[in-house]
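The values are calculated or read from the model by the stated rules, or taken from the named source; none is laboratory data. No experiment lies behind these values; they were computed from the predicted model shown. Quick reminder, even Gly has a Cβ in these numbers, built from the backbone with ideal geometry, and neighbours come from all protein chains shown. What goes into the accessible areas is simple: the full protein's heavy atoms, side chains included, and nothing from ligands, DNA or RNA. Shrake-Rupley method; radii C 1.70, N 1.55, O 1.52, S 1.80 Å.
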Amino acid sequence: MENQNPTPAPQLEKLPNAVMILVFGIISIVFCWYGFVPAVGIVTGIIGIVFGILAMVMGGKAKKLYASAPEKYSKGTLTLAKVGSILGTVGWILGIVFMLIGIIILILAAGTASHFG
């Protein structure tokens, strides 16, 4: 029997910022939920929206980069970028919705306080 040495598979590069995109998406989901809490919620809602938009934009760039040379980058890092982009999209949309709810609550509370004041 002949000793066969298979050629090792080439090491694929990681997509730049794939992990950061996922982290930004997670941050946007975590912070978007506090948008309805008066005062503090507005700041955290803005943080969720900003990180969501960053994740979405960076995820789009990463997907384009992968599409330009799929043989160069690992599929796993593409998955990280896609998931981060999806979480970012959901995060900024929910952030806006919850901030609007928070603003409505703040207006109603102010109107009620002035009515009874």
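Just want the answer: with Cβ charges of +1 for Lys and Arg and -1 for Asp and Glu, which residue in 80, 60, 107 is farthest toward the dipole's positive end in the chain?
Of 80, 60, 107, it is 60.
What percentages make up the Cα-Cα pair-distance distribution of the chain when the bins are 10 Å wide from 0?
16, 30, 20, 15, 9, 5, 3, 1, 1, 0
Give me the angle, in degrees from 0 to 90, between the Cα long axis of helix 40-68 and the longest principal axis of the Cα atoms of the chain, rounded to the nearest 10.
Roughly 20 degrees between the two axes.
Considering only protein heavy atoms and a probe of 1.4 Å, how much of the accessible area of the chain is carbon and sulfur, as a whole percent?
With neighbouring chains kept in place, the figure for the chain is 75 percent.
Using a 1.4 Å probe, what is the accessible area per residue for the chain, in Å²?
Roughly 65 Å² per residue, with all protein chains present.
Given an 8 Å cut-off on Cα distances and at least 6 residues of separation, report the relative contact order of the chain as a percent.
Once divided by the residue count of the chain, the mean separation gives 37 percent.
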